[in-house]
Amino acid sequence: MRTTRRRAAIAAATAATTLALLAGCAKYTEPFKDAPRSGNDNGAPADLIRFPDGFSNAASKCDGPNRVYVAYHGDSGYAAITVVPADPTCR
């Protein structure tokens, strides 16, 4: 009787651990929820600006004649965006 209870407890703990691990991976397996895309793709690398821990990082990139800045903080679901129109460094 004890062996049956022990096996059931081990099976339940294994199932709970497996579910917790799979739930943690959901961020990496969920599809992107982007808006529809045009045929234009700006795949050029961005310039990264890394700040010390506790501060938001930033990236900038030229999109045509405009420079786009995005500030982000780790994997958080928020970011700040600003655009510099007709930036002379973007040709």
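Values in this text are rule-based calculations from the coordinates and carry no lab data. Just so we're clear, the structure is a prediction, and the values are computed from it rather than from any experiment. Neighbour counts are summed over all protein chains in view; Cβ atoms, including those assigned to glycine, are modelled from backbone coordinates with ideal geometry.
Summary of computed values
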| read-out | value |
| --- | --- |
| Projected label distance in nm at residue 40 and residue 79, using a 7 Å step from Cα toward the beta-carbon | 1.7 |
| Gain upon complete extension [residue 8, residue 69; 0.36 nm per residue less C-alpha separation] | 16.5 nm |
